[in-house]
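Please treat every number below as a calculation from the coordinates, not as lab data. Please read all numbers here as calculations on a predicted model, not as lab measurements.
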Amino acid sequence: MKIRQEMKGDVLVIAMSGKVIGGPELIEVKEIFKKAVDQDKKKVLLDLGKVSWMDSSGLGVIVSGHTTLARAGGALRILNATKKIHELFIITKLITIFETYRDEQEALNSFGD
């Protein structure tokens, strides 16, 4: 799994690629969410367009990130979830928690000011 971060305005965009499965990378992702809140970056867009697979550990870290941000008054949005990942969100009922987008600009605009 690879992780790339960049700021687009006041939104932290985290792009993940490869297999999102248990291991040290997931600890890194969890730390990215925590650090974002610590640095008052409470708008996070998670781009999953290049994620080929995700296991329950990967889902857990995303849910944890969502919770961390929500408790701090922030928000997490999902961008470009692949068909497999989208189906995983539906099966686990997480689709009712996450706002998902296909268009990056629309996702960025969804945070408002």
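Below, the figures for the structure above:
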{"quantity": "Karplus 3J(HN,Hα) series, Hz, for region 98-112 with 6.51 cos²θ - 1.76 cosθ + 1.60 (x for Gly, Pro)", "calculated": "8, 8, 10, 9, 9, 9, 4, 5, 4, 5, 4, 5, 5, 6, x"}
{"quantity": "Antiparallel content of DSSP bridges confined to the chain, in %, to 5", "calculated": "30 percent"}
{"quantity": "q = 0.17 Å⁻¹: log10 I(q)/I(0) that the Debye formula gives for the chain, counting C-alpha atoms only", "calculated": "-0.75"}
